[in-house]
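Just passing along the structure, written as structure tokens.
Derivation of every value follows stated rules applied to the coordinates shown; laboratory data play no part. Small disclaimer: the values here were computed from a predicted structure and weren't measured. When we count neighbours, we look across all protein chains shown, and the Cβ atoms used for this are built from the backbone with ideal geometry, even at glycine.
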Amino acid sequence: MPRASKKRKGSVPLAAIVLAAGKGTRMRTQRAKVLHQVCGKPMVYFPVKRALESGADPVVVVVGHQGDEVEAALRSELPGAPLRFARQEEQLGTAHAVLAAKTALRGHHGAIVILSGDTPLLTAHTLEAVVSARAAPGSLAFATMDLENPEGYGRVVHSPGKGPALVVEEKDATAEERQIKEVNAGLYVADADFLWSTLSRVEAQNAQREFYLTDLVALAADGPGAVAVRVSPLEASGVNDQEDLSLAIRALTRRIASSLMGAGVTIEDPERFDADEGVTVGPDTLIEPGVRLRGTTRIGSGCVIGQGCILVDTVIGDGVHLQPYCHMHRAHVGSHCIVGPFARFRPETRLAEGVRIGNFVELKKTSMGKRSKANHLTYLGDATVGADVNVGCGTITCNYDGERKHPTRIGDGVFVGSDAILVAPISIGKGAYVAAGSTLTESVPAGALALGRSRQVNKSGWARKRAASKSPGKGH
Ligand code: UD1
Ligand code: CA
């Protein structure tokens, strides 16, 4: 959850390294693992954000696979944050990755926290626990967790009475070591001088021919020793494949739901609710099942968000009622509006207070003044609609001539009859009436009645004559 970043007053300076250079082969995708989206953000955003919140400055992100995209994504998500980027051209292992950050941290003395770019569920609380476990000048603290199925993780081997002796990767482990359920979570806090001097001693003599960061544990045991801090697997598990990704998305979404409920939002079924990181909802708002709130969406208080509504980068005022299955993208809905069911708002739709939009109405780049209505089956595009306007069923703005878009202006208090076709550019003056079924190609002065349809002709007796002409023996 968002938390204001805090400066670490009175304690040793803290910097962070986030490892994000690997491809993530087990994802089986073209896209680098850390760029996969979790609640609207690239996975790597989360550990970087947590590091910033813990006061780390700078945070060095080690990038390799799709490094430019990773850098661009983080810079746009975290503008102004003290981020630095280091390149690891060839991925020769986690120790090699940390060494790639050394230049970016020249002159930093104090502590360095090392995080994995694939741990989106890490909480500030867990991070803080590991940071504070490192006794002031101590060399190394790292997080461990107990897993029922430890497969794929490095196992933590303790020497009796002396704390952690080493971490052994699964591929290098003996059958006996593989039975160990305490695994390395991949989160470390080290003293900077210890880190750089010790990393230079790491070798790649192991099953994967990689430089393992986990060797630090055994190397620390030579000196002042390492501290293992047990943390919750719910918070420190890494994402390695698509199955893990889906679990991480679910877990983070559930956390967002909990924090909204804690702030007075009613969510009928949090398991059938999706929200991106950063979405806000006011108290006394009721959210029905199947709602999805994305991007920078903000919802006021006392609203009802009906089943199946999808809101993207949309702002909803107070006391709004969205009936089921509305889709909105970059829209702005004023307080006390009633919308839907089945309304679609495309970008730059703006409703003032108390507007009523009904079923199967599409609005694009259109503003509606206070208390105006478009209750059924309507398309309004590039339109500026005043206050107290009634737009009848089936009304359409013809805003596109095949090359360009044209505006429609409808003044306050206008009544547009059903099935009107308004060919833009066009304006309807204040208080005017548009007759039902009209096709208008010219503007209407204020207060006028516009009739844009051919006069009706009734042919009396027509049906009888037709029937007679079809009866047997007559019609050839
Ligand atoms: C690592 C640990 C393992 C631990 C697990 C926890 C090592 C040798 N093993 O294994 O003990 O249980 O994390 O999740 O450290 N990366 C780079 N450059 C590289 C290699 C990796 O940037 O050359 C990055 C990856 O992009 C990823 C992170 O480091 O974000 C961890 O790498 P990964 O390959 O997932 O390590 P694991 O095999 O999971
Ligand atoms: Ca991993």
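What does the convex hull of the Cα atoms come to per residue for region 380-440, in Å³? Write out the running numbers ahead of the final one.
Working: hull volume 3.7 nm³, N = 61.
Cα convex hull per residue, to the nearest whole number: 60 Å³.
Here's something else I'd like to know. Starting from the Cα coordinates of region 320-361, work out the convex hull volume and express it per residue in Å³. Before the final figure, lay out the partial values.
Values: hull volume 2.0 nm³, N = 42.
Roughly 49 Å³ of hull volume per residue.
Is it possible to state the helix-based mean residue ellipticity at 222 nm for the chain, with each DSSP H run of 4+ residues giving -39500 (n - 2.57), the sum divided by total residues, to the nearest 500 deg cm²/dmol? What is it? Intermediate values should be presented prior to the final figure.
Values: 9 runs with 86 residues, N = 476.
That calculation yields -5000 deg cm²/dmol at 222 nm.
Restricting to the chain, what percent of DSSP beta bridges are antiparallel, rounded to 5? Don't jump to the answer; show the numbers that get you there.
Values: 19 of 106 bridges.
Of all bridge pairs located within the chain, approximately 20 percent are antiparallel.
Using the C-alpha gyration tensor of region 205-326, what are the square roots of 5 times its eigenvalues, in whole angstrom, with the largest one first?
43, 16, 11
Based on alpha-carbon positions alone, could you give the equivalent ellipsoid semi-axes of region 287-338 from the gyration tensor, as √(5λ), descending, whole Å? It would help to have the intermediate numbers written out before the result.
Working: eigenvalues 39, 35, 15 Å².
The equivalent ellipsoid of region 287-338 has semi-axes of 14, 13, 9 Å.
As a test of the definition: which semi-axes, in Å, follow for region 387-476 when you take the square root of five times each eigenvalue of its alpha carbon gyration tensor? Largest first, please.
Numbers: eigenvalues 312, 53, 20 Å².
With the √(5λ) rule applied to region 387-476, the semi-axes are 40, 16, 10 Å.
Moving on. Compute, for region 385-457, the length of the dipole vector about the Cα centre, with Cβ point charges of +1 (Lys, Arg) and -1 (Asp, Glu) only. Units Debye, rounded to 20.
On the way: 6 positive and 6 negative charges, 18 e Å.
Magnitude of the dipole: close to 80 debye.
Can I ask one more? Could you check the spin-label model distance between Glu128 and Asp401? Points 7 Å from the Cα along Cα→Cβ, value in nm.
Modelled inter-label distance: 6.3 nm.
Moving to a separate point now. With +1 on each Lys and Arg Cβ and -1 on each Asp and Glu Cβ, and nothing else charged, work out how big the dipole of region 16-81 is about its Cα centre, in Debye to the nearest 20. Show your work: numbers first, answer last.
On the way: 9 positive and 6 negative charges, 84 e Å.
So the magnitude is around 400 debye.
For region 223-276, list log₁₀ I(q)/I(0) at each q in 0.17, 0.32 Å⁻¹, using the Debye formula over Cα point scatterers of equal strength and ignoring solvent, two decimals each.
-0.66, -1.21
If you don't mind, there's one more thing I want to ask. Run through every distinct alpha carbon pair of region 263-369 and return the Kirkwood hydrodynamic radius in angstroms, one decimal place. Show your work: numbers first, answer last.
Working: mean 1/r = 0.0767 Å⁻¹.
For region 263-369, the Kirkwood estimate is 13.0 Å.
Starting from the Cα of Gln30, move 7 Å in the Cα-to-Cβ direction to define the label point; list residues of region 232-263 whose amide nitrogen is under 19 Å from there.
242
Which of Pro120, Ser232, Ala133 sits closest to the plus end of the dipole of region 116-246, meaning its Cα is farthest towards the positive end, when Lys and Arg get +1 and Asp and Glu get -1 on the C-beta?
In region 116-246, that residue is Ala133.
How high is the relative contact order of the chain, in percent, counting Cα pairs under 8 Å that sit 6 or more residues apart?
On the way: 1237 pairs, mean separation 38.0, N = 476.
Computed value for the chain: 8 percent relative contact order.
Sticking with this structure for a sec: With label points built 7 Å along Cα→Cβ from the Cα atoms of Ala251 and Asp193, find their separation and express it in nm.
3.7 nm
Determine the gain in length on full extension of the stretch Asp146-Ser258; use 0.36 nm per residue of separation and subtract their C-alpha separation, reporting nm with one decimal. Walk me through the numbers on the way to the answer.
On the way: separation 112, 0.36 × 112 = 40.32 nm, distance 2.50 nm.
That works out to 37.8 nm of additional length.
By count of other Cβ within 10 Å, fewest leading, how are Lys364, Lys459, Lys102, Lys33 ordered?
Lys459, Lys102, Lys364, Lys33
Just for the Cα atoms in region 296-425, what are the lengths along the principal axes, largest first, rounded to whole Å?
38, 30, 19
Taking the C-alpha atoms of the chain, how large are the radius of gyration and the largest Cα-Cα span, Dmax, in Å?
Reported Rg and Dmax, both Å: 31.6, 116.
So, one more: Taking every pair of alpha-carbon atoms in region 341-388, what share in percent sits in each 10 Å bin, from 0 to the bin with the longest distance?
Values per bin, smallest distances first: 33, 63, 4.
Moving to a separate point now. Output the Kirkwood hydrodynamic radius of region 170-233, Cα pairs only, in Å rounded to one decimal.
On the way: mean 1/r = 0.0750 Å⁻¹.
This gives a value of 13.3 Å.
Using Cβ contacts closer than 10 Å as the measure, can you line up His329, His125 from fewest to most? Let's see the in-between values first.
Values: His329 18, His125 11.
The fewest-first ordering by Cβ neighbours comes to His125, His329.
For the peptides 75-88, 189-202, what is the packing order when you average, over each peptide's residues, the other Cβ atoms within 10 Å and list the highest mean first? Kindly include the intermediate steps, with their values, before the conclusion.
Numbers: 75-88: 14.9, 189-202: 18.9.
Output ranking for 75-88, 189-202: 189-202, 75-88.
If I model a spin label as a point 7 Å beyond the Cα along the Cα-Cβ vector, how far apart are those points for Asn206 and Lys171 in nm?
1.0 nm
Another question, if that's okay. Of Ile17, Phe46, Ser471, which is farthest towards the positive pole of the chain's charge dipole, taken about the Cα centre with +1 and -1 on the beta-carbons of Lys, Arg and Asp, Glu respectively?
Ser471
So which helices of the chain fit the span-like rule, where a helix is a whole DSSP H run, its Cα atoms reach 18 Å or more along the axis, and its mean Kyte-Doolittle is at least 0.0?
On the way: long enough: 242-262 (30 Å, 0.19).
Within the chain the helices that satisfy the rule are 242-262.
Give me D for region 1-140 in µm² s⁻¹, whole number, from Stokes-Einstein with Rh from the Kirkwood sum over alpha-carbon pairs, 4 °C and 1.567 mPa s.
Numbers: Rh = 15.2 Å.
My calculation gives 85 µm²/s for D.
In region 144-250, how does Rg compare with the Kirkwood Rh, expressed as the Rg/Rh ratio over alpha carbon atoms?
On the way: Rg = 14.3 Å, Rh = 14.8 Å.
Ratio value, two decimals: 0.97.
Ranking Met145, Met261 by Cβ neighbours within 10 Å, fewest first, what do you get? Mind dumping the intermediate values first?
Details: Met145 24, Met261 15.
Neighbour counts put them in this order, fewest first: Met261, Met145.
On average over all directions, what projected area in square nanometres does region 73-149 have, based on the convex hull of its Cα atoms? Show your work: numbers first, answer last.
Numbers: hull surface 29.7 nm².
Its Cα hull, projected and averaged over all orientations, spans 7.4 nm².
How big is the charge dipole of the chain about its Cα centre, in debye rounded to the nearest 20, if each Lys and Arg gets +1 on its Cβ and each Asp and Glu gets -1 on its Cβ?
Working: 56 positive and 49 negative charges, 585 e Å.
With only Lys, Arg, Asp and Glu charged at Cβ, the dipole is about 2820 debye.
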